[in-house]
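Nothing in this text is a laboratory measurement; each read-out follows from the coordinates by a stated rule. Bear in mind the structure is a predicted one, so any value in this text is a computation, not a measurement. For neighbour counting, all protein chains shown are included, and Cβ atoms are generated from backbone atoms with ideal geometry for every residue, glycine included.
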Amino acid sequence: MDKHTLIEEIKRLKKEKDAVIFAHHYQVEEVKEVADIIGDSLELSRKATEVQEQTIVLSGVYFMAESVKILSPEKKVLLPVKDAGCPMADMIDEEKLEGFKADYPTGKVVCYVNTSAEVKAKSDICCTSSNALKVVDSMGEVPVLFIPDQNLGNYVKKHSKNPNVIPYSGYCITHHRARKEDALQAKAKHPEALVLAHPECRKEVLEEAHFIGSTTEIMNYAVNSEKQSFIIGTEMGVVETLKKEAPEKNFFLLAPSFICSNMKKTRLEDIYRALKEDKHEIHLDDKTLQAANSALSNMLVLLK
Ligand code: 13P
Ligand code: SF4
């Protein structure tokens, strides 16, 4: 099928199946073009509770589809590419979390949404990159076990009122690859540009940034800023969207390695097949679903 026919078929199937398409900012452009809602992980999990459609096609990675299912258990949630995972989420499982908790028996677990449903189910509250500090500060003075991202954890630790934040050792293979030298080189090449970086980057990269935020926060900052040029320290999908949203401005990727291969796995054909054949439906057992729902809902309540 050519691209035009595929897009028409996707539109037809969406109506027939009462479906809506969600896409993360890191998805390839052709997927974002057919998406009804594009967002960062917080926006996508929030929107899941608001849409009327019975089927949600989540173009992103596995944990995002699970989060949508956890918040909307009565809906059919489809992940077009089954093995689109998140290596950072895979760095912690239930057993490793139990071991971490055993080291800090009085601690509470704040879990980044980039985790499996089973890990969320064993956590006290979830957070995303845009609200991690707020969530941690809401916990009071208890030791906070921050899982799984060491970079976001250390960023929160630095800014939190709580002196007792203990980050786990995970990291995002895409963001962690960027080094201080990449930031310095990009700044030397584009001295007029502001550096906007995601908190999943190493501390040495964040120290070179003018602004630190989630993918949507970075995009809003760049679009609303009076400045003309920006070095973007997150996945390349954000740069592509920004070039479309603000064509009069200049955007440069902080390092060429900012590509999440898992986020790039989904194509139009996969969305088409997902809709046509109900592929791949997310199933979670009731116990996991309820416990994970409580951790995610604790976060959403806090943001109201
Ligand atoms: P956001 O919370 O900014 O959407 O980030 C999700 C993610 O996977 C970043 O690598
Ligand atoms: Fe996971 Fe990093 Fe890809 Fe985000 S960019 S989905 S954290 S591997």
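Ellipsoid semi-axes for region 196-274, based on the Cα gyration tensor and the rule √(5λ), read 24, 17, 10 Å when sorted largest first. Name the residue farthest towards the positive end of the dipole of the chain from the options HIS198, PRO87, CYS260, assuming +1 on Cβ of Lys and Arg, -1 on Cβ of Asp and Glu, about the Cα centre. Sorting the options by dipole projection puts first HIS198. Charging the Cβ of each Asp and Glu at -1 and of each Lys and Arg at +1, and nothing else, the dipole of region 1-107 about its Cα centre rounds to 360 debye. Think of each Lys and Arg Cβ as +1 and each Asp and Glu Cβ as -1; about the Cα centre, that makes the dipole of the chain roughly 340 debye.
Summing +1 for each Lys or Arg and -1 for each Asp or Glu, what net charge is found among the other residues whose Cβ lies under 13 Å from the Cβ of HIS175? Residues close to HIS175 contribute a combined charge of -1.
Restricting region 85-192 to trypsin sites (Lys or Arg not before Pro) that sit in a DSSP loop and have at most 12 other Cβ atoms within 10 Å of their own Cβ leaves LYS161. Amide H contacts of VAL165: VAL144, each under 5 Å away and 5 or more positions distant or on a separate chain (H built 1.01 Å from N in the peptide plane; Pro and chain starts excluded). In this Cβ point-charge picture (+1 for Lys and Arg, -1 for Asp and Glu), region 45-107 has a dipole of about 340 debye about its Cα centre.
Among CYS111, CYS260, CYS201, the residue with the largest mean-square fluctuation in a Gaussian network model of the chain, with springs joining Cα atoms closer than 10 Å, is CYS260.
Farthest towards the positive end of the charge dipole of the chain, among the residues GLY107, ALA117, LEU284, is the Cα of GLY107, using unit charges on the Cβ of Lys, Arg, Asp and Glu. Residue-wise HN-Hα couplings along region 128-145, as the Karplus relation 6.51 cos²θ - 1.76 cosθ + 1.60 with θ = phi - 60° gives them from phi, are 10, 5, 7, 10, 4, 5, 4, 5, 4, 5, 7, 7, x, 8, 5, x, 10, 8 Hz; Gly and Pro carry x. Can you compute log10 of I(q)/I(0) for the chain with the Debye formula, treating each Cα as one identical point scatterer, at q = 0.10, 0.12, 0.16 Å⁻¹? Values returned for q = 0.10, 0.12, 0.16 Å⁻¹ are -0.54, -0.79, -1.31. Remark on VAL195: its backbone amide H falls under 5 Å from those of HIS210, PHE211, ILE231, a criterion applied only to residues 5 or more positions apart or on other chains, H modelled at 1.01 Å from N. Amide H contacts of LEU253 (H built 1.01 Å from N, in plane; Pro and chain starts excluded): ILE232 sit under 5 Å, all sequence-distant by 5 or more or on other chains. Mind listing which GluC sites (Glu not before Pro) in region 226-304 are in a DSSP loop and have 11 or fewer other Cβ atoms within 10 Å? Counting only loop positions with at most 11 other Cβ atoms within 10 Å, the GluC sites (Glu not before Pro) in region 226-304 are GLU226, GLU248. Projected onto its three principal axes, the C-alpha set of region 88-238 covers 49, 27, 23 Å, listed from the longest axis down.
Considering only ALA188, ALA255, ALA48, the mean-square fluctuation computed in a Gaussian network model of the chain, springs between alpha carbons under 10 angstrom, is largest for ALA188.
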